[in-house]
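As structure tokens, the structure follows; a few thoughts come after it.
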Amino acid sequence: MEESAIDHLTTVREQNRQALYSIGLNVVLTALKGVVGVLARSDALLADAAHSGADVAGSLAVWVGLRVARRPADADHPYGHGKAEWIAASLVAVLLLLAGLDVVYASIRQFFKPPVAPDAVAFYTAVFAIGAKEVVYRYQVTLARRLGSPALLAGAQDHRSDVYSSLAAAAGILLAVIGNRTHVPVLLYADPVAGLIVALVVVWLGYKLASDSFTALMDKVLDAKAASDMLHLVEQVPGVMRVDDLRARTHGPYVVVDVKVSVDAEATVLAGHHIAKAVKTQMMEHFDDVSDVLVHVNPFLTSEGSMRGGNRDRDS
Ligand SMILES: [Zn+2]
């Protein structure tokens, strides 16, 4: 699957644009659900507002972290700032866990008070949120498939889970409104029950973000499958006669690759340089998370058979 540099740029630009739209929509939904939730006295809508707020905080942490992470290495940080994204994400994860638990506590407290009937406008607000999220989900899925972007597809899935969250809130509010109109007071508890369910989702989001970022904070060697994909790619680069060694390790959100290749021993320094450059370019085009490739060029000695096996140690 060949991908040109221009297509890659378009995809990255589109990913950034969609990420920004998503944050904007979540800010609007947080405010709308929050205000209506208070005025219409709906715990379910307030919990859903907390969920949207959590999504905003999570996206902002990743965005700010990425900006810091992209800063080049400097004297104080010789290995770059790659881990900043995950440190920011860890902080947000802890905040999400605390906020989620707070809403869980608030929802449980409602069961020990006389139930209040939410206003029907809370239900319409939840329905509006469901519609908006479903539209954005479908649009982004289509876009992700067209561009072949897993990052965009993951973002779209987030909108889908928001649809389910708002559906739970809407169902709880609707039952409570019906209970109020038909004088079945026990149905009024459907609103805080839905609030509790949505709050547990926020806790789960915080837990997931925490475990992801803690894992990423530990540098780990890439799994065998990814390493062999890289090996095959380097072998295909014109001029590469053998891959002597390939090591990839993660650094924060990025992957750094060290590769040693053998090229024609009679080739000029310039030709060797071009081959090394091609290896680096191909790697960075094919693997989105690869941020740097260090290529070492060894001579491949065809005239002296005895030297061929010895090449492996004849580097540096
Ligand atoms: Zn969400």
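Every number in this text was worked out from the coordinates using simple rules, so none of it is lab data. Remember, it's a predicted structure, so these values are computed and weren't measured experimentally. Cβ atoms come from the backbone with ideal geometry, glycine included; neighbour counts cover every protein chain shown.
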Inset, instruction - Provide, for q = 0.15, 0.19, 0.21 Å⁻¹, the log10 of I(q)/I(0) from a solvent-free Debye sum over equal Cα point scatterers in the range 130-204. - result: -0.60, -0.77, -0.85
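In the structure shown, do any of Lys133/Lys208; Lys133/Lys280; Lys33/Lys208 have a Cα-Cα gap over 28 Å, and if so which?
Values: Lys133/Lys208 21 Å; Lys133/Lys280 40 Å; Lys33/Lys208 24 Å.
Where the Cα-Cα span goes over 28 Å, the pairs concerned are Lys133/Lys280.
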Legend entry - Selection from Val12, Gly58, Gly131, by position along the positive dipole direction of the range 5-217 (Cβ): Gly131
Inset, instruction - Counting other beta carbons within 10 Å of each Cβ, put Leu205, Leu96, Leu9 in order, fewest first. - result: Leu9, Leu205, Leu96
